[in-house]
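Data block below; observations after.
The values are calculated or read from the model by the stated rules, or taken from the named source; none is laboratory data. Small disclaimer: the values here were computed from a predicted structure and weren't measured. Glycine gets a Cβ as well: all are built from the backbone with ideal geometry, and neighbour counts include every protein chain shown. Please note that ligands, DNA and RNA were not included when accessible areas were found on the heavy atoms of the full protein model with its side chains. Shrake-Rupley method; radii C 1.70, N 1.55, O 1.52, S 1.80 Å.
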Amino acid sequence: MHIPITKPYFGAEEHRAVAEPLETGWVVQGPKVAAFERCFAACTEAPFALATTSCTTALHLALVALGVGPGDEVIVPAFTWVATANVVEMQGARPVFVDIELATFNIDAAQVERAITPHTKVIMPVSLFGISAPMQPLLESARRHGLKVVEDAACAVGAWYHEHHAGTLADIGCFSFHPRKAITTGEGGMVITADEDIAQRVQSLRDHGASKSDLARHLGARSYVLPEFNVVGYNYRMTDLQGALGVAQMGRLAWILEQRTRLAQRYDEALTEVGWLRPPVLPAHCRHGYQSYVCLFQPESPTVANVARLCTQRNALMDVLETAGIASRPGTHAVHMLGYYRDKYGLRPEDFPNAYLADHLTLTLPLYAQMTEAEQDFVLTHIVEHHLQG
Ligand SMILES: Cc1ncc(COP(=O)(O)O)c(C=O)c1O
């Protein structure tokens, strides 16, 4: 048996959808991207949704739209995908890392207050693996200090915080449609916002700074009048092939989330008998999007002193799973320990100890909508029967 870490779900609708732009010839950002944006806005209840080429470019546009530049600081969690910090560097600003809570793997809101300086411009929490960041206290900090909030909701389609979909409480929310996510367009991203001015800026910035999109120009009168370019923009336009795929994927989103949640709950139940592998911890007011099912390997209480030994044990389990044909992965990175950030800012493991522990001890189990219970039981059998060594 071969069980991948995840697998996109494509059916006849996706095949039909991508064929359409090939037939009409409109393959760049156009009617299908617009349709995808409408679906996404409706699903998240966001007033504006703007597609991009990836979540990385969505985050980059968010910072450009907010005027982040040299001399500014942006608060980011120390445990996240490297893109969260990279987009801050791309703007010549400084990412200020804050440690995470080991329970949720999300930024520790209490520590955010202490990281705010007169240079702070934006708080950029991440709703990691499908669990919303602690938005309420973060928004209170932002309000108190006059800061903007950009939520990296790359993994958070289907994640809710109270009655708010991920990304909607922040000034700007950014999503990813990379194949590791619940729905995919190959590469792809989305910016959502309730602020019309920000939406207009993002719309222009993703399209070379044009004052009008190609679609609007071609569909309107005097289509020969070219747009104005008042700002320096980028080419971060999603293709209509991806837009069409996105619409088809949105049609299955509810079913995909249902299946992922059902399977995650089966994992939860089975893992109660495995004391050394802690299932995801979901705060009471949150609904999990289950982009990934990420456990914490903790045969004993982890510390910076014992983490190397525990990590060796975790890796031994991952080797056993791989030999059996089962893919597993660490959660994500302690970004402060990645070469660029470690060297540029002189950071040490103990600066953000929970991020360091999570980096070494997280374990992502396979999860995809079409996973059979037989496949899941195969994974569980190998975990339950695994004997920890030394
Ligand atoms: C937390 C987080 N932020 C940003 C990204 C970047 O997304 P993309 O690959 O769409 O650029 C990812 C992708 O995995 C992510 O997990």
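Please report the antiparallel percentage of DSSP beta bridges with both residues in the chain, rounded to the nearest 5.
DSSP beta bridges in the chain are roughly 65 percent antiparallel.
Cut-off under 29 Å on the C-alpha distance; same-chain residues fewer than 8 positions from Lys7 excluded. Which lysines are left, in chain and number order?
List returned: Lys32, Lys181.
Using the heavy atoms of the protein chains and a 1.4 angstrom probe, tell me the accessible area per residue for the chain in square angstrom.
41
Need one number: % antiparallel among DSSP beta bridges in the stretch 87-225, to the nearest 5.
Among the beta bridges of the stretch 87-225, antiparallel pairing accounts for roughly 55 percent.
Can you list the aspartates and glutamates whose alpha carbon sits under 17 Å from that of Lys148, skipping same-chain ones fewer than 8 residues off?
Within the straight-line limit of under 17 Å, Lys148 reaches these aspartates and glutamates: Asp72, Glu73, Glu113, Glu140, Asp171, Asp195, Glu196, Asp197.
Ignoring ligands, DNA and RNA, please state the percent of accessible area on the chain from carbon and sulfur, probe 1.4 Å.
The value for the chain is 54 percent carbon and sulfur by accessible area.
Taking the Cα-to-Cβ direction at Glu20 and at Val82 and moving 7 Å from each Cα, how far apart do the two end points lie in nm?
For Glu20 paired with Val82, the spin-label model returns 3.8 nm.
Name the long-range amide H neighbours of Arg329: under 5 Å, sequence gap of 5 or more, or other chain; modelled H, no Pro or chain starts.
When sequence neighbours closer than 5 places are left aside, the close amide H contacts are Thr364.
Using modelled amide H (1.01 Å from N, peptide plane; none on Pro or chain starts), what sits under 5 Å from the amide H of Val96, excluding residues fewer than 5 places away?
Long-range HN contacts for Val96: Val74, Ile75, Val76.
Relative to a virtual label point 7 Å from the Cα of Glu258 in the Cα→beta-carbon direction, which members of the stretch 157-188 show backbone nitrogen distances below 20 Å?
157-160, 182-184
Rolling a 1.4 angstrom probe over the protein chains, ignoring ligands and nucleic acids, what is the accessible area of Ser213 in square angstrom, nearest 10?
20
In a Gaussian network model over the chain where Cα atoms closer than 10 Å are linked, find which of Ala34, Ala115, Ala65 has the largest mean-square fluctuation.
Ala115
Quick one: 3J(HN,Hα) in Hz for the stretch 76-84, Karplus 6.51/-1.76/1.60 with θ = phi - 60°, rounded, Gly and Pro as x.
Working through the residues one at a time gives 10, x, 7, 10, 5, 6, 4, 4, 4 Hz.
Just report the Cα centroid separation between the stretch 343-366 and the stretch 142-180, whole Å.
So the two Cα centres are separated by 23 Å.
Name the shape class, rounded, prolate or oblate, that the alpha-carbon gyration tensor gives for the chain, where a ≥ b ≥ c are the square roots of its eigenvalues, rounded holds for a/c under 1.5, and otherwise prolate holds if a/b is larger than b/c and oblate otherwise.
oblate
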